[in-house]
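**Q** So that we are looking at the same thing, I have put the structure below in structure tokens.
The values are calculated or read from the model by the stated rules, or taken from the named source; none is laboratory data. Just so it is clear, the structure is predicted and the values come from calculations on it, not from any experiment. Quick reminder, even Gly has a Cβ in these numbers, built from the backbone with ideal geometry, and neighbours come from all protein chains shown. Side chains are part of the model used for accessible areas, which takes the heavy atoms of the whole protein and leaves out ligands, DNA and RNA. Shrake-Rupley method; radii C 1.70, N 1.55, O 1.52, S 1.80 Å.
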Amino acid sequence: MSALHLHDIPAKPSRRSAFIDLVSRRPEIITLAILLAICVAVSIINPAFLQPSSLVDIGRASVVMGLFALGVFIILAAGGIDVSFTAIAAFTMYSMTLLVKDHVPDMPIALVLLLAMAGGALLGVVNGLLVHHLRVPSLIVTIGTQYLFRGILLAFIGTVWIMSLPPQMGAFGRMPLFQFESGDGRTITLPFYFLVLPAAALLTWWILNRTLMGRAIFALGGNASVAERLGYSLKTIHIFLFAYAGALAGLAGIIHTAANRQANPFDLVGSEINVIAAVVLGGARITGGTGSVIGTLLGVLLIVVVNSVLVMVGIPSTWQRVVVGTFILLAAGFFVFCQKKNG
Amino acid sequence: MSHASHTPLPTGAQARPFLELRNIHKRFGGVHALRGVSFSIAAGEAYHLLGENGCGKSTVIKIMSGAHAPDEGEIVLEGRSFRALNPIQSLAAGIETVYQDLSLLPNLTVAENVALNEQLVASGGRLARLFDRARLKRTAEAALDVVGLPTAPAYLSTIVSDLPLAQRQLVAIARAIATRAKMVIMDEPTTSLTRREVDNLIAVVERLRSEGVAVLFVTHKLDECYRIGGHAIVFRDGQCVAQGPLADYSKHRLTELMTGRTIDSKRYRTGAPRAEELFAADGLSLPPSFANVSFSVRHGEILGITGLADSGRNELATAIAGVTPASVGRIRIDGKVERIGHPAHAIRLGIGYVPEDRLGEGLFLDKSIFENEIALVVSDLANAVGIVDKTKGRALAGKIAQDMHLNTRDIDLPVGALSGGNQQRVLIGRWLSINPRLLLLHGPTVGVDVGSKDTIYRLVQQLAEAGMGLVIISDDLPELLQNCDRILVMNAGSIVAEFDARATDEEQLYQAMLTSRSDLATEAAR
Amino acid sequence: QDKPVIATIVKISGIPWFDRMETGVKQFQKDNPDVVATQYGPATADAAQQLQIINDLVAKGVNGLAVVPMDPSVLEGTLKRAMDRGIIVVTHEADNQKNTHADVEAFDNADYGRALNKRLAECMGGKGKWTTFVGSVGSRTHMQWVGAGEENAKTHPDMVLVDKNNESFDDANGTYEKAKEILRKHPDIKGFQTSAGNDVLGVGRAIDEAGLSGKVCLVGTGLPNPSQDLLESGAITAIGFWDPQKAGMAMNAVAKSLIAGKKVEDGADLGVPGYEKVKVVKGPGEGVLIIGNGMVLADKANYKEYLF
Amino acid sequence: MRTTGGQLVMLVVINAALLAVGAMISGGTFLSPFNLQSMAGQLPEIGFLAIGVMLAMCAGNGGIDLSGIALANLSGVASAIIVASFLASTGNETVFSIAFIAVALVIGLVGGMFNGLLISRLNITPILCTLGTQMLFTGIAVVLSDGRAVAVGSPELLSAIGNGLFLGVPISFLVFIGAAGLVAALLKFTPFGLWLMLMGTNPKAATFAGFPKARVLIATYATSGLLAGLAGIIIAARNVNVKWDYGTSYLLIAILIAVMAGVRPEGGYGRVICVVMATIALQLMSSLLNFGGLSNFVRDFAWGALLLTFLAVGRYNLVGLLTPNKSEKLV
Ligand SMILES: Nc1ncnc2c1ncn2[C@@H]1O[C@H](COP(=O)(O)OP(=O)(O)OP(=O)(O)O)[C@@H](O)[C@H]1O
Ligand SMILES: Nc1ncnc2c1ncn2[C@@H]1O[C@H](COP(=O)(O)OP(=O)(O)OP(=O)(O)O)[C@@H](O)[C@H]1O
Ligand SMILES: [Mg+2]
Ligand SMILES: [Mg+2]
């Protein structure tokens, strides 16, 4: 039988212009625009910015924050917030380094990375179970677990900095992806571990867009009780989410250590708000259910670039906070301005 | 079409029922929502679950769909007995539900809302599966086509929260029929649909039945039930009080069964408006929603406004309420020109607006009846030093609760704990607290049962009697005919017709709603 | 339990520097069974947290406080309240502390900054661009050190200071990124003078990775153990430090004397290496400033003598 | 539905238990007047910030105030510099003190209003906005003070606020309780409070009901800023000097206190009295651990464990045992 058609329903419900529509659907375009504007401005102020080593430095500096941000993003997409990931990273990175150094000195690096991810995932599962069973917003739970994990690490596992890493970890941090000599005889290296970020981003994108779990994460972010009613297992989603973010954090921790050539258990904790800010600047709404992997990466780049051009454009130390703070406000304001147009 | 492959019905209707509920009980804290409910559903039949607000209709549906577990009783599904179902079990057995709140995922696309669940159910609820986008598209297109929504890629990828309410309702229905359902449950699916969309839906239901699908309807609109036909299941106070072919019950009898009393459906309007003009809109425009709208309301007059979902009537209403102010045009109140740029201006001028979406735009669900009732007058309740006189506030809220015949006297109860009809009364009551000169009621009885409707209509008449101007924006044409003096019909952002409510009927109104602007132009040319 | 109780409160517990200091406090306890000496410290580097610990210890009732202030100025009020209750207060790395009975310094801060810069200038051959790092612009001693360094560099007209006082927040990774940026902006830079303990590690790693070891000079505060690799590779020219273990012992020794009612005279021997013949001058407040001779500059040739 | 009455009872019980444990392990010293005074003197600065966080959370829509401690430091630093530029602290001490307090409060208020304006008028997400202003406020304090500590000195009135006792109770604690009481009254008895709490649960309904939403938001963040200014004054009064980087660890602790007090991050619910009790609980626990000579890392662990325990107790309705009559009505 032929269905009755309601011809007054347009294929597209809105009557906005194409550009505004695009911006509202892909807010990361705004992030990209801001990013490009900054790069152009900095290049004009100091042409020295325009050299390949800038790109390499920015790429390398983005890895750890980028991994964190991917984890924060998928939790944000599901309507939660995580602030415990830095504690998870510090916890796994330090415990793994201790383990390798004191007990299994010849563990292959691949296994080290896998174990760190497993450890991070395990702590993430703790988060996921708590969030699911306590039925309180994940911000609250993860504030608790941040204190808990960091407290356990520093009170019971150790505080002593490990200055000479197990050799395989040190080698991993130094292994070049490519290397070249700049005009003035300096070596510029893009480390091998840089590849981890695009790989993790690709995997995250794939999970979010090509698996049922990915859609379930957004469904949860859209409306948790509806998702539950439709048959999505909230427990599975919660556990997966936090385990995945935990695994990324564990990986980020090891990379941080390897790159830094030391395992400092005091590191990382305290940077979580910056990571969340990066994700939000990448177009994900703090209330959940939206955002994209590419936007998240752009948001991270934005924060990294802003932080790494301050000296380049000659801003004195005492003024740097004012400049960064003002920038965040301007960027956020611009973001809202662009998005409001589709009102 | 995708449903063509259904196994044909075993003829001889009294075969084993598809689903049977036996002595189901459900309690929520102190509320005993279902008290020993039993009924059975056969394939290919239509059922109408009728009852007043809060009698347990939605609850029994949630038990069938696996959203709630019963406290006692048994669910027999195709011969297998269950103590409780979970959503995946229910879906896998072919029970699809259109919930009263639609249960859409606002941040996902139309296609995902329609067709994603099909893949979830196919995987048995396991999430570690690939998501098949081609299949999603196919399933979504087929289902959208059936309910009469566009199937263009642009529409498929529209985010659901960008859709108007009526289309969202259709999307929810499309999801229910996207799978090879054996039973489709619809909890008040037509509340925000216009007449034409309802016609289409009825056609869809016919089709489902012909394919052997059982359909269970919940609605407060008895006329629709009769148009569809089938069986009636009547609830009162969490119990099933009657069951049988709809044809065996008159409308009057059904109402009596639901409410336990007699209510007649005559015209409520008996009074007449006064002569003086109270309110006038002069050339209001807010592109692209409506343009050059002019009308007036007299003291004591009840004006109806109707039109299709995107005729601009919603935006006109929110413009007068100051929520989305008109960009052009003037408003006069008692002859004085006023500007309404913010809801607070409207309130100061004595214009009240009861929104259609009472949960989203009206009520503070987690907060008490008391706080909800005094929300508009808190600053008036404050004394010189800025302290709110709570005693006065509580007295006011208590009086409103009484005037509105709320079924509870405990004004500290959260509004979320009330049934839909009582919630609506709380919302209307809130507006009465400012003694408005003009009250706009948008869908005042959406999802409200006959008993509550009666209460609300009587109230509306009383208010008009007292000289208040009222504007009812509604698709419920009988409601407008029963209550209004005049009815304006909007189409494509303009007022296209005006009727004297006494001298018109549903058919005329309906025709005017459908007439497109170009037809009008042709008519004018002639 | 009538033994006097001396509490040592450090800026932050668990980091190598103060773990080393704790060995000194423990040593002191072992050598002086007639007192009770323990070390405390906050979990985060925040003056407010340190202050809370001091408040609680004062309330608990200790006899002496040996404090390494996160921020001397912020502790003034609390230390004054402690002194008003008859508690002996000894500080370290706080030569501007007013409310203290004695401030113990391993050396004169200006001397130290000058010494670091002299070593840097020597390495740079007295010419070229150089820059400075501090933990944060709010760290007074760091600013004193780089300030004295700047003064010293004025004697070398060809040394050009660029983009000075970069903040490291004592975070090796952040310092590394910042050093990279400076190397990019000033490809011809020749020297770095750093202040916080981790700075040499961050800057050293940047120099090392750019293949500039030996071509760019780096002199700064650092600990021998963590700096080993970079000293060996030549990325770090020299590190300057004093031994926190000895400083911890010295502080406790001074506190013990003061509790016993004795005074520390100019030229006294605290019984701790580097503090055998201290200089005692009047401090900024009522108390005295006790200056030892504990400065150490170590390079590739001699760092092995000080491994901690 | 969660009852806030239960939360309060639970906090009171926790505080009593902590006091009892403290008395036991310290042989009574923990309950000595001096220690009680010392603890009471320590908690106002973080308490003010926690109330500020609570207010922002109540506004809903992701409301949070990360700029509290930065604004507190800016108030102290800027006020000290401004006032010292035309008054000497050694001159008329009372005039100096009053000027310092007034300027600090004004700066707190203005900073808070700035947050409120950005959030309500420009619609910037609160977490981004207050992160930005946190850096901006800190940055301004650094620029003004060139990164150095700024001396406020101890003029009489200020010194009394910082160190004085009234009937054996630290004046700073009385100021805290007084201000907390005012905020509580503001929330409970004024239109602002009612609007704020309703708006927090459903911002859209608030629009339709004609609430002055922007003004409520501005007032909320302004109050939070004013409290930050007060915190700045207390810090200055107690520490004699003010500095831009004081209390960086307070940021997360203030949020910890707020959630421990049962403030809902989704908005609409929060009680000042619970925040006060949670502040006291955290202070007691922290001092207790210092008394026991335990490492401060154990404290972090204990805070996390306490928070999670709280949540579990609330979730599994263990409080119901303590308040049988209250929590029956709502499911
Ligand atoms: N969360 C709740 N807590 C306590 N009682 C509730 C809650 N929700 C609903 N109730 C009670 O259950 C009854 C039925 O409510 P419900 O919303 O299901 O009514 P309904 O039949 O759907 O009515 P309507 O047609 O008005 O929507 C009401 O009396 C209401 O007070
Ligand atoms: N989640 C819940 N918690 C507590 N009570 C509930 C809940 N859901 C429903 N109730 C109560 O159960 C009773 C039946 O509600 P139900 O929603 O089934 O009514 P309904 O018949 O669907 O009404 P309506 O016509 O308004 O939709 C009501 O009194 C309602 O208050
Ligand atoms: Mg219902
Ligand atoms: Mg209902």
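**Q** Being within 7 Å of chain A (Cβ to nearest Cβ), open to solvent by 10 Å² or more (accessible area, probe 1.4 Å) and assigned to a helix (DSSP H, G or I) is the requirement here; does B:Leu116 meet it? First the steps, then the outcome.
**A** Working: within 7 Å of chain A (Cβ to nearest Cβ): yes; open to solvent by 10 Å² or more (accessible area, probe 1.4 Å): no; assigned to a helix (DSSP H, G or I): yes.
So B:Leu116 does not fit the description; no.
**Q** Here's another thing I want to ask about it. Would you point out which residue out of B:Val415, B:Val378 is within 16 Å of ligand 3 (Cβ to nearest atom) and in contact with a Phe, Trp or Tyr (Cβ under 8 Å, 6 or more places away or on another chain)?
**A** Details: B:Val378 fails: within 16 Å of ligand 3 (Cβ to nearest atom).
Result of the check over B:Val415, B:Val378: B:Val415.
**Q** Related question: Restricting attention to region C:130-149, does a residue exist that is open to solvent by 20 Å² or more (accessible area, probe 1.4 Å), away from chain D (no Cβ under 14 Å) and either in contact (Cβ under 8 Å) with a residue 60 or more places away in the chain or not aromatic (Phe, Trp, Tyr) (or both)? Please lay out each step first, then the result.
**A** The initial filter retains those residues of region C:130-149 that are open to solvent by 20 Å² or more (accessible area, probe 1.4 Å), namely C:139-140, C:142-144, C:147.
After this cut, where a residue has to be away from chain D (no Cβ under 14 Å) as well, the list is none.
No: zero hits.
**Q** Please give the number of the condition A:Val280 fails out of (1) more than 16 Å from A:Val100 (Cβ to Cβ); (2) within 7 Å of another protein chain (Cβ to nearest Cβ); (3) surrounded by fewer than 24 Cβ atoms within 10 Å (Cβ to Cβ).
**A** Answer for A:Val280: the failing condition is (3).
**Q** Ok, one more. Return the residues of region D:192-214 that are within 7 Å of chain B (Cβ to nearest Cβ) and either surrounded by fewer than 22 Cβ atoms within 10 Å (Cβ to Cβ) or at pLDDT below 90 (or both); say none if nothing qualifies.
**A** Across region D:192-214, the qualifying residues are D:Lys204, D:Thr207, D:Pro212.
**Q** Does B:Phe364 count as of a type in the set (Phe, Trp, Tyr), in a helix (DSSP H, G or I) and more than 16 Å from ligand 2 (Cβ to nearest atom)?
**A** Details: of a type in the set (Phe, Trp, Tyr): yes; in a helix (DSSP H, G or I): no; more than 16 Å from ligand 2 (Cβ to nearest atom): yes.
Criteria not met by B:Phe364.
**Q** Do you know which of the residues in region B:60-80 that are within 13 Å of another protein chain (Cβ to nearest Cβ) and outside any loop (DSSP other than H, G, I, E, B) is farthest from ligand 1 (Cβ to nearest atom)?
**A** B:Met64
**Q** Separate question: Being open to solvent by 10 Å² or more (accessible area, probe 1.4 Å), among the hydrophobic types (A, V, I, L, M, F, W, C) and within 12 Å of chain B (Cβ to nearest Cβ) is true for just one of D:Leu174, D:Leu187, D:Leu217. Which residue is that?
**A** Values: D:Leu174 fails: within 12 Å of chain B (Cβ to nearest Cβ); D:Leu217 fails: within 12 Å of chain B (Cβ to nearest Cβ).
Only one candidate qualifies: D:Leu187.
**Q** Sort out which residues of region B:157-181 are of a type outside the set (Gly, Ala, Ser) and either part of a loop (DSSP other than H, G, I, E, B) or more than 9 Å from chain A (Cβ to nearest Cβ) (or both), and write them in order of number. Spell out the reasoning first.
**A** From region B:157-181, those of a type outside the set (Gly, Ala, Ser) are B:158-160, B:162-165, B:167-171, B:173, B:175, B:177, B:179-180; that's our starting set.
Listed by number, the residues that qualify are B:Thr158, B:Leu163, B:Pro164, B:Leu165, B:Arg168, B:Gln169, B:Val171, B:Ile173, B:Ile177, B:Thr179, B:Arg180.
**Q** Scanning for something touching a Cys at 6+ places or on another chain (Cβ under 7 Å) and closer than 21 Å to D:Leu311 by Cα, does region D:18-27 turn up at least one residue? Break it down stepwise before answering.
**A** Going through region D:18-27, the residues touching a Cys at 6+ places or on another chain (Cβ under 7 Å) turn out to be none.
No, because not a single residue in region D:18-27 is touching a Cys at 6+ places or on another chain (Cβ under 7 Å) and closer than 21 Å to D:Leu311 by Cα.
**Q** Quick one: which residue in B:Arg339, B:Arg348, B:Arg313 is more than 7 Å from every other protein chain (Cβ to nearest Cβ), touching a Gly at 6+ places or on another chain (Cβ under 7 Å) and of a type outside the set (Gly, Ala, Ser)? Give the steps one after another, and end with the answer.
**A** Details: B:Arg339 fails: touching a Gly at 6+ places or on another chain (Cβ under 7 Å); B:Arg348 fails: touching a Gly at 6+ places or on another chain (Cβ under 7 Å).
Result: B:Arg313 is the single residue among B:Arg339, B:Arg348, B:Arg313 that is more than 7 Å from every other protein chain (Cβ to nearest Cβ), touching a Gly at 6+ places or on another chain (Cβ under 7 Å) and of a type outside the set (Gly, Ala, Ser).
**Q** Could you please find all residues in region B:400-409 being open to solvent by 50 Å² or more (accessible area, probe 1.4 Å) and touching a helix residue (DSSP H, G or I) at 6+ places or on another chain (Cβ under 9 Å)? Give the derivation first.
**A** Taking region B:400-409 first, the residues open to solvent by 50 Å² or more (accessible area, probe 1.4 Å) are B:402-403, B:405, B:407, B:409.
Within region B:400-409, B:Asp403, B:His405, B:Asn407, B:Arg409 meet the criteria.
**Q** Filter region B:439-459 down to residues that are away from ligand 1 (no atom under 15 Å from the Cβ) and either in the same structural domain as B:Pro189 (by TED's automatic domain parsing) or crowded, with 23+ Cβ neighbours inside 10 Å (or both), then give me how many there are. Step through it out loud before you land on a result.
**A** The initial filter retains those residues of region B:439-459 that are away from ligand 1 (no atom under 15 Å from the Cβ), namely B:439-442, B:457-459.
Then keep just the ones that are either in the same structural domain as B:Pro189 (by TED's automatic domain parsing) or crowded, with 23+ Cβ neighbours inside 10 Å (or both); that gives B:439-442.
Selection size over region B:439-459: 4.
**Q** Quickly run through region C:41-85 and pick out the residues that are β-branched (Val, Ile, Thr), assigned to a helix (DSSP H, G or I) and within 19 Å of the chain's Cα centre (by Cα).
**A** Initially, region C:41-85 is screened for residues β-branched (Val, Ile, Thr), giving C:44, C:53-54, C:58, C:62, C:67-68, C:74, C:78.
After this cut, where a residue has to be assigned to a helix (DSSP H, G or I) as well, the list is C:53-54, C:58, C:74, C:78.
Scanning region C:41-85 gives a single hit, C:Val74.
**Q** Just to be sure before I move on: is B:Gly416 at the interface with another protein chain (Cβ under 10 Å from one of its Cβ atoms), of a type outside the set (Ser, Thr, Tyr), within 16 Å of ligand 4 (Cβ to nearest atom) and not in a loop (DSSP other than H, G, I, E, B) in the structure I sent?
**A** Numbers: at the interface with another protein chain (Cβ under 10 Å from one of its Cβ atoms): yes; of a type outside the set (Ser, Thr, Tyr): yes; within 16 Å of ligand 4 (Cβ to nearest atom): yes; not in a loop (DSSP other than H, G, I, E, B): yes.
Taking the combined requirement at face value, the residue satisfies it.
**Q** Restricting to region C:63-89, name every residue that is more than 11 Å from every other protein chain (Cβ to nearest Cβ) and surrounded by fewer than 24 Cβ atoms within 10 Å (Cβ to Cβ).
**A** Across region C:63-89, the qualifying residues are C:Asn63, C:Met83, C:Gly86, C:Ile87.
**Q** Working only within region C:213-263, note down all residues that are of a type in the set (Gly, Ala, Ser), open to solvent by less than 40 Å² (accessible area, probe 1.4 Å) and not in a loop (DSSP other than H, G, I, E, B).
**A** C:Ser213, C:Gly220, C:Ser227, C:Ala238, C:Gly240, C:Ala247, C:Gly248, C:Ala250, C:Ala253, C:Ala255, C:Ser257
**Q** Taking into account only those residues within region B:419-473 that are closer than 16 Å to B:Phe364 by Cα and aliphatic (A, V, I, L, M), which is farthest from ligand 4 (Cβ to nearest atom)? Step through it out loud before you land on a result.
**A** Applying the first criterion (closer than 16 Å to B:Phe364 by Cα) to region B:419-473 yields B:419-431.
Remaining after also requiring aliphatic (A, V, I, L, M): B:426-428.
Details: B:Val426: 14, B:Leu427: 14, B:Ile428: 17 Å.
So, considering only residues that are closer than 16 Å to B:Phe364 by Cα and aliphatic (A, V, I, L, M), the one farthest from ligand 4 (Cβ to nearest atom) is B:Ile428.
**Q** State whether one or more residues within region B:91-100 are within 16 Å of ligand 2 (Cβ to nearest atom) and acidic (Asp, Glu). Break it down into steps so the answer makes sense when it comes.
**A** So the first thing to find is which residues in region B:91-100 are within 16 Å of ligand 2 (Cβ to nearest atom), and the list is B:97-100.
Imposing the further condition that a residue be acidic (Asp, Glu) reduces the set to none.
So far as region B:91-100 goes, no, none of its residues is within 16 Å of ligand 2 (Cβ to nearest atom) and acidic (Asp, Glu).
**Q** Oh, and also: Looking at (1) open to solvent by less than 20 Å² (accessible area, probe 1.4 Å); (2) modelled with pLDDT of 95 or more; (3) away from every other protein chain (no Cβ under 14 Å), which is the only condition A:Val100 fails?
**A** It is condition (2) that A:Val100 fails.
**Q** OK, next. Exactly one condition in (1) within 13 Å of D:Met54 (Cα to Cα); (2) touching a residue at least 24 places away in the same chain (Cβ under 8 Å); (3) under 12 Å from the mean Cα position of the chain (by Cα) is false for D:Leu252; which is it?
**A** (2)
**Q** Same structure, new question: Which condition number in (1) under 14 Å from the mean Cα position of the chain (by Cα); (2) modelled with pLDDT under 85; (3) of a type outside the set (Ser, Thr, Tyr) is the one that D:Pro265 fails?
**A** So D:Pro265 meets the others, but not (1).
**Q** If you go through region A:55-81 one residue at a time, how many are closer than 19 Å to A:Leu195 by Cα and of a type in the set (Val, Ile, Thr)? First the steps, then the outcome.
**A** Within region A:55-81, the subset closer than 19 Å to A:Leu195 by Cα is A:55-71.
Those still in the list that are of a type in the set (Val, Ile, Thr) too: A:56, A:58, A:63-64.
Residues that pass the stated criteria total 4.
**Q** So which of B:Leu136, B:Leu130, B:Leu105 ends up being open to solvent by 60 Å² or more (accessible area, probe 1.4 Å), more than 16 Å from ligand 1 (Cβ to nearest atom) and under 30 Å from A:Leu203 (Cβ atoms)?
**A** After applying the criteria, what remains is B:Leu130.
**Q** Inside region B:157-210, can you point out the residues that are without any contact (Cβ under 8 Å) to a residue 24 or more places away in the chain and either in the same structural domain as B:Asp475 (by TED's automatic domain parsing) or over 19 Å from B:His48 (Cβ atoms) (or both)?
**A** Result: B:Asp162, single match.
**Q** Just the residues that are open to solvent by 10 Å² or more (accessible area, probe 1.4 Å) and under 12 Å from B:Leu509 (Cα atoms), please, taken from region B:475-494.
**A** Listed by number, the residues that qualify are B:Asp475, B:Asp476, B:Pro478, B:Leu481, B:Arg486, B:Asn491.
**Q** Conditions first: (1) open to solvent by 10 Å² or more (accessible area, probe 1.4 Å); (2) within 13 Å of chain D (Cβ to nearest Cβ). A:Leu268 passes all but one, so which condition is the exception?
**A** With (1) open to solvent by 10 Å² or more (accessible area, probe 1.4 Å); (2) within 13 Å of chain D (Cβ to nearest Cβ) applied to A:Leu268, the lone miss is (2).
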